[in-house]
1. How about the stretch 95-105: which of its residues are in a helix (DSSP H, G or I) and not aliphatic (A, V, I, L, M)?
2. Check off (1) more than 21 Å from A228 (Cα to Cα); (2) touching a helix residue (DSSP H, G or I) at 6+ places or on another chain (Cβ under 7 Å) for P191 and give me the number that stays unchecked.
3. Quick one: how many residues across the stretch 264-274 are part of a helix (DSSP H, G or I) and either surrounded by fewer than 17 Cβ atoms within 10 Å (Cβ to Cβ) or aromatic (F, W, Y) (or both)?
4. Scan the stretch 142-160 residue by residue and report those that are touching a helix residue (DSSP H, G or I) at 6+ places or on another chain (Cβ under 7 Å) and either outside any helix (DSSP H, G or I) or without any contact (Cβ under 8 Å) to a residue 24 or more places away in the chain (or both).
5. Considering only the stretch 108-122, I want to know if a residue exists there that is surrounded by fewer than 18 Cβ atoms within 10 Å (Cβ to Cβ), out of contact with any Pro (no Cβ under 7 Å at 6 or more places or on another chain) and modelled with pLDDT under 95.
6. Taking the stretch 161-200 on its own, how many of its residues are without any contact (Cβ under 8 Å) to a residue 12 or more places away in the chain and closer than 30 Å to Y210 by Cβ?
7. In this structure, does F131 turn out to be aromatic (F, W, Y), modelled with pLDDT of 95 or more, under 30 Å from N237 (Cα atoms) and crowded, with 17+ Cβ neighbours inside 10 Å?
8. Filter the stretch 39-55 for residues that are in a helix (DSSP H, G or I) and without any contact (Cβ under 8 Å) to a residue 40 or more places away in the chain; which is surrounded by the most Cβ atoms within 10 Å (Cβ to Cβ)?
Amino acid sequence: MTIAARSCISPQRALFVNSALAFAAAELLTAALHEAGHGLAAQLLGFSPRIYGFYENNPSGDARATLIILAAGPIVSLVLGVVFWAWYRRSKPRYSYGRLLVLWLALTGVMEFVNYLIVTPWLAAGDTAQFADVLGWPTIARYGIMAVGVALVLMLARPAADAAFALAPRSIALDTPRVRRRFIMGSLYLPLLAGLALTALAGIGVRPLYVIYGLLGTLGNIDIAVAALYAKGRPPNDDERGADAPVRIEPVAIALYATLILLYVFAFSRGVPI
């Protein structure tokens, strides 16, 4: 008997729980790899950086070194997000926790880059704002970068909706626009909000200001969920689909999330050398 059957959890609720855990895990992994990107660039330039929960102690250098270190984090996020998205698209549409995690890794990776573009005019501590400061870009240029980011969100809305529908178990109907929106609400939008609360535990022992920045970045992913909610995505046909895994609350989802929280609390809160 499955966990879902023993606890009388419907497929929709099991998917919600798994998606919230997968989002939190993906966001924590993406954030760590983002900061590692900064750190590796700094190390290659001769510095000895350390990465913490949600930030890296950016070393000071000349303008060229500073620009390389600032750009490395968002570029690493984007590259990893694209790789995970391509990996996700290569497999047949079906439900499994592994595919759910890969989808969130794709979305959080790509959107970490895109959202940095969007906040360039406002978030002074952000990588893109600091990049613009070093180059002395005027306000109009910063809003131009923001416009590019907004355009990218709109362009990604349909692919994100299609990717979400490719994860839907056969037991969940997607035959009308209303139920398709309800599915994205229950599989992306609301799990993201729940995952935000789960991610907050990783801030234990970290400077409060950096925790706030980290949570703002986590919440920033809501834009792609909203965009997908109103995009006219296409669910896959039955003959395109593979066999679903059982729709239950996955112990591996809980274990991965708990492991990452412990890693953040007991390692990243003290700083990990690169």
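The values are calculated or read from the model by the stated rules, or taken from the named source; none is laboratory data. Please read all numbers here as calculations on a predicted model, not as lab measurements. Quick reminder, even Gly has a Cβ in these numbers, built from the backbone with ideal geometry, and neighbours come from all protein chains shown.
1. Y97, G98, R99, W104
2. (1)
3. Within the stretch 264-274, residues that are part of a helix (DSSP H, G or I) and either surrounded by fewer than 17 Cβ atoms within 10 Å (Cβ to Cβ) or aromatic (F, W, Y) (or both) number 4.
4. R142
5. Yes - at least one qualifying residue is present in the stretch 108-122.
6. Residues meeting the conditions: 1.
7. no
8. Restricting to residues being in a helix (DSSP H, G or I) and without any contact (Cβ under 8 Å) to a residue 40 or more places away in the chain, the top hit is A41.
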